[in-house]
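J.: Attaching a single structure in structure tokens format; questions to follow.
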Amino acid sequence: KESLLLEQQETLQRQIEALRAKGWAARLAHDLIQFRKQAATRSVLGPLEARLSGTFTEITRDAERRVFLDEHLQITGVGTSREAMIAFTHLSQGAKEQLLLCLRLAVAGEVSSTGHKLVVLDDVLVNTDGQRQQRVLDLLQTSAGQMQIVILTCHPENYRGVGVVAEIRLE
């Protein structure tokens, strides 16, 4: 019995060592995937923040303010620096919708530097004040030179003078 138990112990010890090795391999693979994911995010974070800040400058006419993103590429805030930024959650609804519009345009520009780009927008000027509305329209007109923009709206008067109107009536 003793020799049988010793053999089983040796077998179990080999299985433990094999499972431990698989566990370490899985941990290393996980860490490598996380490291590559973080490196990929960092590589697009800077250029995307720069493009986003430039696009937002076209609307606000304030070149001093930058837009900051987090590691999940979500807007964290706007300001002259990360330390002095106003958090996204504290911005007005109009500023939030303008930032999200700028983010869509910036992502479209970054994702496909060459080739066809399509951006579909659904009433993005609902909360935009009249002062910035014309700047947003100018931005859309300028962006339409580099990408196709489709705007869905129940308020066509907000987009007057931008592009071609294709009215669709559901009956």
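J.: So, in segment 124-171, how many residues would count as being assigned to a loop (DSSP other than H, G, I, E, B), closer than 13 Å to residue 98 by Cβ and touching a strand residue (DSSP E or B) at 6+ places or on another chain (Cβ under 8 Å)?
T.: Initially, segment 124-171 is screened for residues assigned to a loop (DSSP other than H, G, I, E, B), giving 124-129, 144-147, 153-155, 160-171.
Among the residues that remain, those that are also closer than 13 Å to residue 98 by Cβ are: 124-129.
Checking the rest, the ones that are also touching a strand residue (DSSP E or B) at 6+ places or on another chain (Cβ under 8 Å) come to 124.
Qualifying residue count for the region: 1.
J.: Let me ask something additional. Filter segment 114-123 for residues that are on the phi < 0 side of the Ramachandran plot and assigned to a loop (DSSP other than H, G, I, E, B); which is surrounded by the most Cβ atoms within 10 Å (Cβ to Cβ)? Walk me through how you get there before you give the answer.
T.: Of segment 114-123, the ones on the phi < 0 side of the Ramachandran plot are 114, 116-122.
Next, from what is left, pick out any that are assigned to a loop (DSSP other than H, G, I, E, B): 114, 116-117.
Values: 114: 5, 116: 7, 117: 17.
In this case the residue turns out to be 117.
J.: Working only within segment 90-107, note down all residues that are of a type in the set (A, V, I, L, M), modelled with pLDDT under 90 and surrounded by fewer than 18 Cβ atoms within 10 Å (Cβ to Cβ).
T.: Of everything in segment 90-107, just one residue is of a type in the set (A, V, I, L, M), modelled with pLDDT under 90 and surrounded by fewer than 18 Cβ atoms within 10 Å (Cβ to Cβ), namely 107.
Here is a yes/no grid of residues against (1) open to solvent by less than 50 Å² (accessible area, probe 1.4 Å); (2) among the β-branched types (Val, Ile, Thr); (3) in a helix (DSSP H, G or I):
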| residue | (1), (2), (3) |
| --- | --- |
| 31 | no, no, yes |
| 40 | no, no, yes |
| 44 | no, yes, yes |
| 48 | yes, no, yes |
| 71 | no, no, no |
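J.: Take the conditions under 19 Å from the mean Cα position of the chain (by Cα) and either without any contact (Cβ under 8 Å) to a residue 60 or more places away in the chain or open to solvent by less than 50 Å² (accessible area, probe 1.4 Å) (or both) and apply them to residue 152. Does it pass? Can you show your working first?
T.: Numbers: under 19 Å from the mean Cα position of the chain (by Cα): no; either without any contact (Cβ under 8 Å) to a residue 60 or more places away in the chain or open to solvent by less than 50 Å² (accessible area, probe 1.4 Å) (or both): yes.
Against the criterion (under 19 Å from the mean Cα position of the chain (by Cα) and either without any contact (Cβ under 8 Å) to a residue 60 or more places away in the chain or open to solvent by less than 50 Å² (accessible area, probe 1.4 Å) (or both)), residue 152 does not qualify.
J.: Report every pair of residues separated by at least 6 positions or lying on different chains whose Cβ atoms are under 7 Å apart, first residue within segment 36-51 and free of Cβ contacts under 8 Å to residues at least 60 places away in the same chain, second open to solvent by less than 40 Å² (accessible area, probe 1.4 Å).
T.: Once the first residue is free of Cβ contacts under 8 Å to residues at least 60 places away in the same chain and sits in segment 36-51, its partners that are open to solvent by less than 40 Å² (accessible area, probe 1.4 Å) give 45/69; 49/67; 49/68; 49/69; 51/106; 51/109.
The values are calculated or read from the model by the stated rules, or taken from the named source; none is laboratory data. Predicted model only: the values in this text are computed from it and were never measured. Positions of Cβ are generated from backbone atoms using ideal geometry, with glycine treated the same way; all protein chains shown enter the neighbour counts. The protein model used for the area step is the full one, side chains on, heavy atoms only, and it has no ligands, DNA or RNA in it. Shrake-Rupley method; radii C 1.70, N 1.55, O 1.52, S 1.80 Å.
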